Amino acid sequence: APIAAIAVDPATTSVRVHDVVHVTARLTDQDGEPATGRKVNWSSSNLAVLAVDSLTGDATGVSPGTANVTATSEDQTSSATVRVTAGPPASLTLVSGDGQTGKTGEPLPVLPSVKVADADNFPVIGVTVHFAVGPAGGSIANADPVTNESGIATAGAWTLGVHAGSQQITATIAGTDPVVMSAQAIAPPASIAVLEGDGQSAPSFSEVPIRPAVTLTDADGLPVAGVTVAFSVASGGGTITGENAVSDLSGVARVGSWKLGGTGENTLVAAVEGVPNSPRVFRATATVRVRIVTFGDSNTDVGYTGTDPTVRAASYVSSSNLRASPYDPNSSLQVAGKIEARWHAQSPWPIIAVNHGISGSRSGVGRTSLEAPNARESVNGISRFAGEALGAGLPWNGGESGSAYPTGPVLRVRAFAPGPNDFVYVSIGTNDFADGLTPEQTAANLEWMVDQWVGAGRAPNHFIITTLAPRPSSGGTIPPINTLVRAMAARRGIHLIDLAARTSDDNGATWRSSADHIGDSIHYSEVVRDWIADQIVAYLLTVGLY
């Protein structure tokens, strides 16, 4: 008789991966009697989950999931549902919660979790994992979580113990290796101290060489990591980078950079909220960025108003009556003072122009009536040029030959040892004829000064020289000196200010205009000194000091 129905037994069942479950089929005919000797074909609805023997109905778990086992005979079918589960736990692995850092006695932000898997790395559902804290203390909320459908068990918050240092928790299940998680417990900082970077100096508008740093420690004197230190400029107008610095494992927090402002004291503070001795203060001195020595005779040294022949200003070594101290500031009538004023009008960078009045380019006697010495005059083996323009033999004073200075030995005005941004301005030779020097000797003395400057490691283009204005009483020596100076400037790569071309139509033999001197045909009027200062500052601004 034809088959009327098929019943599959059991209708629902479960099996682990790699295990086998036997499913049977009971066939009945239209009279309700067992139908024997009939062929039954078995199949699986999802072979990736469940494999079925088509002849016997034996079903083998392949991967976790659900599949149907179907029996077919003649034109009748019937199915059973089989749920495939993972095998027994074979591994326990970390998911999250390791390597954190937090404050003692406070919960960590990431909850601890682990994954349970079988031998095929399929997640095992419904397994209880036990979490326990280590000997350093602390606590775990929900210490016995159960794995979810992804095989992951997540505990509650991990609260660190009260002691700073490394702390641990352990996750365990039977039959697998435990998972250990570590965290760094940090006690709140109790003190902030300056580590390095205080008391520095650097040129204005440049970075200090050592980045300021502080050290944070707890109540036991141990370093505190992970704390944000707020750095900020307190005075001086400088700027910083990396103002919010986080302390490292040594408790050190360091600002990214500190660029000083203008000349003078600059301060930087480092603060941590709640720390009793916060903030800490760093002090630095911003030094002058650009300096220039004006090394010349009375035309550079002495100042007049307009064309008035009355001396209004002079250096200490030239006239003690007009400059009582070697450290008095430059007069606005002198070339040095005019340089400073024009620079400040065009540049934010500080500058100092150091004025040294001299007589001539040679050594030995031959000073002016105001007692200014010569450039190559030597004291204890150090020439006046080396002392004043190169910072050799501090100070250059005492024991000079010739008559005494008005109030004693020469004192250096603002000690000067040139750096890479510094300049020297030399304008001498007008008085050399009175000492019997030939133009060639004057030019040789001037080139000797260039040799001294370059030999000290200074840049040739930071040496500024002038040709000479007319002096009718010089016996015709000025024009050949000017010709030699121009040739020497071109040959040595030094910067030339052609004063003769400004004041004369015949290379310094005669004055172009009486308005260019004070009436004595020797000393420049103020308009010429203004022009010289303009030329110097314009050149300084083109050399790339920034």
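The values are calculated or read from the model by the stated rules, or taken from the named source; none is laboratory data. For clarity, every value in this text was computed on a predicted model and none was experimentally measured. Using ideal geometry, Cβ is built from the backbone for each residue, glycine included, and neighbour counts are taken over all protein chains shown. For accessibility, only protein heavy atoms count, side chains too; no ligands or nucleic acids. Shrake-Rupley method; radii C 1.70, N 1.55, O 1.52, S 1.80 Å.
Pairwise over distinct Cα atoms, reciprocal of the mean inverse distance: report the Kirkwood radius of segment 31-96 in Å, one decimal place.
After inverting the mean inverse Cα-Cα distance, the result is 13.9 Å.
Based solely on its DSSP helices, what 222 nm [θ] is calculated for the chain when runs of n ≥ 4 H residues each add -39,500 (n - 2.57) and the sum is averaged over all residues, nearest 500 deg cm²/dmol?
Using -39500 (n - 2.57) per qualifying helix, the result is -4000 deg cm²/dmol.
Can you give the Rg to Rh ratio of segment 56-212, both from alpha-carbon atoms, with Rh computed by the Kirkwood formula?
Reported Rg/Rh (Cα atoms, Kirkwood Rh): 1.35.
Give the percent of DSSP beta bridges with both residues in the chain that are antiparallel, rounded to the nearest 5.
Taking every DSSP beta bridge with both residues in the chain, the antiparallel ones total about 70 percent.
Can you give me the Rg/Rh ratio for segment 160-238, using Cα atoms for both radii and the Kirkwood formula for Rh?
Expressed as Rg/Rh, it is 1.25.
Mind checking the full-extension length gain between R312 and S139? Use 0.36 nm per residue of separation minus the Cα-Cα distance, one decimal, nm. Write out the running numbers ahead of the final one.
Numbers: separation 173, 0.36 × 173 = 62.28 nm, distance 8.54 nm.
Here the answer is 53.7 nm.
May I ask you to order 32-38, 273-279 by the average number of other C-beta atoms within 10 Å around their residues, highest value first?
273-279, 32-38
How many nm separate the modelled label positions at L249 and H130, each set 7 Å beyond the Cα in the direction of the Cβ?
3.2 nm
Given 20 Å bins starting at zero, what is the percent of C-alpha pairs of the chain in each, up to the one with the largest pair distance?
In whole percents, the pair-distance histogram is 17, 26, 16, 14, 13, 9, 5, 1.
In nanometres, what is the gap between the two model label sites at W448 and A515, each 7 Å from Cα along Cα-to-Cβ?
4.0 nm
Tell me, what is the FRET efficiency for T56 and D98 to the nearest 0.05, using R0 = 56 angstrom and their Cβ-Cβ distance as r?
0.70
Out of the total accessible area of segment 53-164 (probe 1.4 Å, heavy atoms of protein only), what percent is carbon and sulfur?
On segment 53-164, the fraction of accessible area on carbon and sulfur atoms equals 52 percent.
How many Å³ per residue does the convex hull of the Cα positions in segment 415-508 occupy?
Once divided by residue count, the hull of segment 415-508 is 102 Å³.
Quick check for you: with a 1.4 Å probe and neighbouring chains kept, what is the accessible area per residue of segment 200-351, in Å²?
Per-residue value: 41 Å².
Name the residues of segment 420-436 whose amide N is less than 19 Å from a point 7 angstrom out from the Cα of A456 along the C-beta direction?
Only 420-429 fall inside the zone, counting backbone N under 19 Å.
Could you tell me the distance between the Cα centroids of segment 507-534 and segment 1-35, to the nearest Å?
Here the answer is 126 Å between Cα centres.
Tell me, in nm to one decimal, what length is gained between A11 and S201 on full extension, where the rule is 0.36 nm per residue of separation less the Cα-Cα distance?
Taking 0.36 nm per residue and subtracting the Cα distance, the gain is 59.5 nm.
So how much slack lies between S232 and V180, counting 0.36 nm per residue of separation and subtracting their Cα-Cα distance, in nm?
My answer for the length gained is 14.5 nm.
At a Förster distance of 35 Å, what's the computed FRET efficiency of A341 paired with E273, Cβ-Cβ distance as r, to 0.05? Don't jump to the answer; show the numbers that get you there.
Working: r = 47 Å, r/R0 = 1.34.
Once rounded, the FRET efficiency stands at 0.15.
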